[in-house]
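Read through the structure below, which is laid out as structure tokens, and then see the notes.
The values are calculated or read from the model by the stated rules, or taken from the named source; none is laboratory data. Just so you know, these numbers come straight off a predicted model, no measurement behind them. Methodologically, a virtual Cβ is constructed for each residue, glycine included, from the backbone with ideal geometry; neighbour enumeration extends over all protein chains shown. Accessible surface areas use protein heavy atoms only, side chains included; no ligands, DNA or RNA. Shrake-Rupley method; radii C 1.70, N 1.55, O 1.52, S 1.80 Å.
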Amino acid sequence: MSDSYFRTEKRIEKIKWVLSKRQPSLHVILENIHDPHNVSAIFRTCDASGIPKVSLVYNVEKFPKIGKKSSASAYKWIEREKFKSIDSCYKELKKEDFVFYAASTNSDSRSLYDIDFTKKSAIVLGNEHRGLSKEAQDLADDRFYIPMFGMVQSLNVSVSAAISIYEAVRQRKEKGFYDEINFDEETLKQLINEWIKK
């Protein structure tokens, strides 16, 4: 058999393995993040952590142009849905019983490490300079902050996303979430066929 056959088989096996780790009960919402490099970096983190879908809410900033090169091709492996308001985004995801955790420096925010990400969780992240809108914070089920111990009390949004997402990964890995396939057989088969064509 030719080398190309084995490469194809190897690719199919990789696709099956990656899909077996996907976490449809873990979601990310990005609100008005304007720098395409930050969005691309967050997409790479989502792919690496098994997050299958990202919601993009743009009603102040222009929708960013994200190239395959800047996202290291992660963009094509992550499903995207666009919304023009945070309210419509939350309403849509509430139909699927997601709990919304908004990144916020408000005084009532809890430490990231006190949040239970083993629930059906949507992590909500805001603009690089303004942070999340008041509406996004007020409509969320809970708010969290990342503990910091330096003179500068801020992190790049893509770094904040990575820290938050990987805390969710840690909690879920401890509970065995990555040890079981989270799609029914029919959905998994459909996704494998779709991914093979990408």
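Out of ILE12, ILE29, ILE66, which single residue is under 19 Å from LEU188 (Cα atoms) and either outside any loop (DSSP other than H, G, I, E, B) or at pLDDT below 90 (or both)?
Values: ILE29 fails: under 19 Å from LEU188 (Cα atoms); ILE66 fails: under 19 Å from LEU188 (Cα atoms).
ILE12 is the lone residue from the list that is under 19 Å from LEU188 (Cα atoms) and either outside any loop (DSSP other than H, G, I, E, B) or at pLDDT below 90 (or both).
Scan the stretch 70-93 and tell me whether some residue there is among the aromatic types (Phe, Trp, Tyr) and part of a loop (DSSP other than H, G, I, E, B).
Going through the stretch 70-93, the residues among the aromatic types (Phe, Trp, Tyr) turn out to be 75, 77, 83, 90.
In the following step, the residues that additionally are part of a loop (DSSP other than H, G, I, E, B) were identified as none.
No, the stretch 70-93 contains no residue that is among the aromatic types (Phe, Trp, Tyr) and part of a loop (DSSP other than H, G, I, E, B).
What's the number of the condition PHE144 fails, among (1) open to solvent by less than 70 Å² (accessible area, probe 1.4 Å); (2) assigned to a helix (DSSP H, G or I); (3) not hydroxyl-bearing (Ser, Thr, Tyr)?
Looking at each condition in turn, PHE144 falls short on (2).
Evaluate the stretch 128-135: report whether one residue or more is buried (at least 18 other Cβ atoms within 10 Å of the Cβ) and either farther than 23 Å from ARG44 by Cβ or touching a Lys or Arg at 6+ places or on another chain (Cβ under 7 Å) (or both). Step through it out loud before you land on a result.
Initially, the stretch 128-135 is screened for residues buried (at least 18 other Cβ atoms within 10 Å of the Cβ), giving 131-133.
In the following step, the residues that additionally are either farther than 23 Å from ARG44 by Cβ or touching a Lys or Arg at 6+ places or on another chain (Cβ under 7 Å) (or both) were identified as 133.
Yes - at least one qualifying residue is present in the stretch 128-135.
The conditions are (1) within 16 Å of the chain's Cα centre (by Cα); (2) at positive phi, and GLY176 fails exactly one of them. Which is it?
(1)
Here are some residues: VAL124, VAL169. Which one is closer than 19 Å to ASN59 by Cβ, β-branched (Val, Ile, Thr), in contact (Cβ under 8 Å) with a residue 40 or more places away in the chain and surrounded by 14 or more Cβ atoms within 10 Å (Cβ to Cβ)?
Numbers: VAL169 fails: closer than 19 Å to ASN59 by Cβ.
Just one listed residue meets the conditions, VAL124.
Can you tell me how many residues within the stretch 105-121 are at pLDDT 95 or above and surrounded by fewer than 22 Cβ atoms within 10 Å (Cβ to Cβ)? Walk me through it before giving the result.
Going through the stretch 105-121, the residues at pLDDT 95 or above turn out to be 109-121.
Subset that is surrounded by fewer than 22 Cβ atoms within 10 Å (Cβ to Cβ): 109-116, 118-120.
Summing the residues that are at pLDDT 95 or above and surrounded by fewer than 22 Cβ atoms within 10 Å (Cβ to Cβ) in the stretch 105-121 gives 11.
Would you check if ASP116 is among the acidic types (Asp, Glu), touching a residue at least 40 places away in the same chain (Cβ under 8 Å) and not in a helix (DSSP H, G or I)? Explain how you work it out, then say what you get.
Numbers: among the acidic types (Asp, Glu): yes; touching a residue at least 40 places away in the same chain (Cβ under 8 Å): yes; not in a helix (DSSP H, G or I): yes.
The answer is yes for ASP116.
For the stretch 147-166, enumerate the residues that are open to solvent by 40 Å² or more (accessible area, probe 1.4 Å), under 20 Å from PRO36 (Cα atoms) and either part of a helix (DSSP H, G or I) or touching a Phe, Trp or Tyr at 6+ places or on another chain (Cβ under 9 Å) (or both). I'd like the intermediate steps shown before the answer.
Going residue by residue through the stretch 147-166, those that are open to solvent by 40 Å² or more (accessible area, probe 1.4 Å) are 148-156, 159, 163, 166.
From the residues that got through so far, the ones that are under 20 Å from PRO36 (Cα atoms) too are 154-156, 159, 163.
Hits for the stretch 147-166 are VAL159, ILE163.
Has the stretch 51-67 got at least one residue that is surrounded by 19 or more Cβ atoms within 10 Å (Cβ to Cβ) and among the polar types (S, T, N, Q)?
The answer is yes; a qualifying residue exists.
Of TYR101, TYR178, which residue is open to solvent by less than 50 Å² (accessible area, probe 1.4 Å), outside any helix (DSSP H, G or I) and either in contact (Cβ under 8 Å) with a residue 12 or more places away in the chain or not small (Gly, Ala, Ser) (or both)? Lay out the reasoning, then the answer.
On the way: TYR178 fails: outside any helix (DSSP H, G or I).
None of the others qualify; the one that does is TYR101.
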